[in-house]
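Just below is one structure, and these are the notes that go with it.
The values are calculated or read from the model by the stated rules, or taken from the named source; none is laboratory data. Not measured: the values here are computed from a predicted model. Heads up, the Cβs are rebuilt from the backbone with ideal geometry, glycines too, and the neighbour counts pull from every protein chain shown.
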Amino acid sequence: MEYSEFVMDHFRNPRNKGVIKNPDGVGEVGNPICGDVMKIMIKVKDEKISDIKFKTFGCGAAIAVSSIVTDMAKGKTLEEAMKITNQKVAETLGELPKNELHCANLGADALHMAIIDYYNRLAGKQKDASKEKVDYIGKRKGKCYCPYCDSVLLSETLFCSKCGKSITGQNK
Amino acid sequence: MNTIYFDHISATPLHPLVKETMINFIQNNNFGNPLSQHHIGDAAVEALETARRQVAQLINAKPDEIVFTSNGTESINHAIKGVAFAKFKKGKHIITTNIEHQSVARTLRVLMRFGYQVTTVPVDRHGLVNPNDVEKAITENTILVSIMHANNEIGTIEPIAEIGKITKAKNVLFHTDAVASGGNISIDVDELGVDLLSIAANQFYGPSGAGALYIRQKTEIFPLIDGGTQEGNRRAGTQNIIGIAGMGKAAELARIEMPQRIEHLSKLRKAFIERLNTLEDIHINGHPVLTLPGLVSVSVEYVEGESIMIMLEGDGVCVSTRSACASGSLRASHVLTATGCDYVTAQGTIIFSFGIGNTLEDIDKAFTSFQKSIAFLRSMSPLYKKK
């Protein structure tokens with residue numbers, strides 16, 4: 001087992017899992033074809049994140065990251081929450097198995113998308129993401145990204161064409 | 001917490017008698033080189049030749065048709081590259097399937113860089129190859145057909161004997177990767193009609209680091225490793241004698257105990273599948289009948305395999321996943337997608353592979369943990385909609 005105790009604790013006892021009924025902002029990143037989808041919902045009061053919940057489909061790291069990011073953002077002002085970067089999440093996480101670093105990047109992205117969605121709604125760009133269907137089962141489109149350099153991978157490749165690293169990740 | 005080991009497809013524990021054979025060999029201080037001309041090498045020669053007979057008997061071959069290697073992957077590389085090199089003047093066309101282990105698929109990909117053409121025949125939704133497809137794919141340039149005996153992810157057993165008749169009639173060499181099946185189900189190289197067959201000891205309660213390649217007499221094949229005259233000039237380099245001695249013993253035990261082992265594993269498998277069938281939105285992969293006795297591949301909708309695996313590990317249950325999620329961004333299993341399983345469902349796949357040391361009690365405990373894990377993970381999955 002390669003995960004740290006801290007990551008395992010967030011995986012086994014995830015904080016803030018669930019849904020918010022009428023969210024003020026929703027952010028969703030990832031693609032089930034690549035193995036993870038992270039959806040973060042926020043409730044905003046006085047420019048602060050008063051409530052935050054997540055739903056995640058993914059590996060252990062993805063679930064732990066969801067828990068950690070939502071924990072970090074809860075109670076923060078929107079401005080502060082926008083400053084939670086992928087790098088900060090990665091630092092908080094400590095060591096992750098190398099192949100799973102990319103999961104850390106999903107967390108802040110989903111959070112920022114939720115905040116942007118909130119602002120968009122305020123500005124009248126009404127697009128209630130919570131009502132959009134999140135049903136990817138059976139679809140075969142979507143992209144996968146290199147876990148090392150985040151560039152888009154071709155579907156049948158064994159190596160990342162950009163950084164040259166092996167991306168099969170098969171351990172046997 | 002007791003560990004329940006359900007990952008025998010990755011490696012099997014050493015059988016106590018195999019361990020004893022290996023320890024005895026070490027304790028007798030048998031360090032000699034089998035090619036030495038003095039008596040110090042005699043014990044090594046005897047251990048090798050005993051093992052060769054034992055492995056030959058397991059698959060109904062002749063002892064001199066067995067070449068010891070360091071593992072299944074080496075055997076497979078030897079079979080494919082060895083034939084490709086020996087036959088390159090006759091032709092450069094090789095036929096395989098789209099569900100092979102990487103050691104076949106990648107070896108062929110390397111050969112393609114050297115001008116070889118590879119035809120990949122598809123499988124049906126159970127993972128079965130249609131022998132007619134193989135027959136149609138054979139051309140006058142075809143030098144080799146390489147099709148696995150049993151698939152290591154879904155357990156499906158391919159119609160090797162039928163394909164063997166075709167390759168024989170067409171005078172094309174036939175290799176089968178029997179690493180997942182070898183020592184676990186009955187294998188007779190004559191019944192299968194194969195010219196080359198790869199097995200590995202750590203799949204049947206022998207040690208890691210010992211494998212064998214069956215090479216039918218008079219088969220034209222080059223060595224993979226060149227050098228000395230070991231293994232009848234077919235595999236140079238001093239052998240892993242302790243490992244091979246263990247492999248021989250494991251082969252003997254597998255042959256003698258096989259009917260009881262199969263019965264036991266089939267009982268466990270049946271019991272586990274009965275329990276799985278009570279769950280919603282799961283799919284059992286592979287063929288319902290033509291399958292390895294101790295393997296169950298199950299795809300769980302709305303959740304991802306690695307997270308299930310970690311949950312199970314938390315309860316002491318060791319399984320494997322071929323989900324691409326070793327990195328969270330990787331591809332779904334090529335085997336599952338070849339059977340038509342959609343990419344998302346393939347991500348939620350867990351392979352349970354039982355062994356002779358497992359019990360029905362283990363099945364119950366593992367199932368309870370599995371059921372609990374799925375419910376927990378589904379509760380936080382954005383893909384899961386309560387009905």
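Suppose the filter is within 21 Å of B:C341 (Cα to Cα) and out of contact with any Lys or Arg (no Cβ under 6 Å at 6 or more places or on another chain); does B:A150 pass it? Answer is yes for this residue. Filtered by the rule that a residue be of a type in the set (G, A, S) and within 18 Å of B:I187 (Cα to Cα), the range B:214-266 gives B:G248, B:A250, B:A251, B:A254, B:S266. When the range B:268-286 is limited to residues that are of a type in the set (A, V, I, L, M, F, W, C) and under 26 Å from the mean Cα position of the chain (by Cα), the one that is nearest to B:H126 (Cα to Cα) turns out to be B:I284.
Could you list, in sequence order, all residues of the range A:67-89 that are within 16 Å of A:G25 (Cβ to Cβ) and either among the small types (G, A, S) or not assigned by TED's automatic domain parsing to the domain that holds A:A110 (or both)? A:A73, A:G75, A:A81, listed by residue number.
Of all residues in the range B:35-57, one or more are surrounded by 15 or more Cβ atoms within 10 Å (Cβ to Cβ) and more than 30 Å from B:D195 (Cβ to Cβ). Here B:E100, B:E65, B:E46 are screened, and the one residue that is over 30 Å from B:E140 (Cα atoms) and of a type in the set (D, E, K, R) is B:E46.
Regarding the range A:31-50, can at least one residue be identified that is surrounded by fewer than 21 Cβ atoms within 10 Å (Cβ to Cβ) and within 14 Å of chain B (Cβ to nearest Cβ)? Checked the range A:31-50: at least one residue is surrounded by fewer than 21 Cβ atoms within 10 Å (Cβ to Cβ) and within 14 Å of chain B (Cβ to nearest Cβ).
Rundown of residues vs (1) of a type in the set (D, E, K, R); (2) assigned by TED's automatic domain parsing to the domain that holds B:V67; (3) in contact with a strand residue (DSSP E or B) (Cβ under 7 Å, 6 or more places away or on another chain); (4) closer than 18 Å to B:I76 by Cβ, yes/no style:
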{"site": "B:A150", "(1), (2), (3), (4)": "no, yes, yes, yes"}
{"site": "B:E153", "(1), (2), (3), (4)": "yes, yes, yes, yes"}
{"site": "B:T167", "(1), (2), (3), (4)": "no, yes, yes, yes"}
{"site": "B:H175", "(1), (2), (3), (4)": "no, yes, yes, yes"}
{"site": "B:A180", "(1), (2), (3), (4)": "no, yes, yes, yes"}
{"site": "B:E220", "(1), (2), (3), (4)": "yes, yes, no, yes"}
{"site": "B:E231", "(1), (2), (3), (4)": "yes, yes, yes, yes"}
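For the range B:105-144, filtering for residues that are at pLDDT 95 or above, touching a strand residue (DSSP E or B) at 6+ places or on another chain (Cβ under 8 Å) and either under 29 Å from B:I284 (Cα atoms) or acidic (D, E) (or both) leaves 12.
Meeting the requirement of 2 or more residues that are free of Cβ contacts under 8 Å to residues at least 24 places away in the same chain, the helices (runs of 4 or more DSSP H) wholly within the range B:55-155 are B:102-113, B:131-137. The set of residues in the range B:95-125 that are surrounded by fewer than 17 Cβ atoms within 10 Å (Cβ to Cβ) and charged (D, E, K, R) comprises B:R106, B:R109, B:R113, B:D124, B:R125.
Of all the residues in the range A:1-27, those that are charged (D, E, K, R) and either over 26 Å from A:T77 (Cβ atoms) or at the interface with chain B (Cβ under 7 Å from one of its Cβ atoms) (or both) number 5.
For the subset of the range B:361-387 comprising residues that are of a type in the set (S, T, N, Q) and in contact (Cβ under 8 Å) with a residue 60 or more places away in the chain, which member is surrounded by the fewest Cβ atoms within 10 Å (Cβ to Cβ)? Selected residue: B:Q371. Residues of the range B:156-181 that are of a type in the set (A, V, I, L, M, F, W, C), touching a residue at least 12 places away in the same chain (Cβ under 8 Å) and out of contact with any Lys or Arg (no Cβ under 8 Å at 6 or more places or on another chain): B:I157, B:I160, B:A161, B:I163, B:I166, B:V172, B:A178, B:V179, B:A180.
The residues in the range B:15-30 that are outside any helix (DSSP H, G or I) and surrounded by 12 or more Cβ atoms within 10 Å (Cβ to Cβ) can be counted, and the count is 2.
Considering only residues that are under 20 Å from B:K62 (Cα atoms), surrounded by 20 or more Cβ atoms within 10 Å (Cβ to Cβ) and not polar (S, T, N, Q), which ones fall in the range B:161-191? Listed by number, the residues that qualify are B:G164, B:L173, B:F174, B:H175, B:D177, B:A178, B:V179, B:G182, B:G183, B:I185, B:I187, B:V189.
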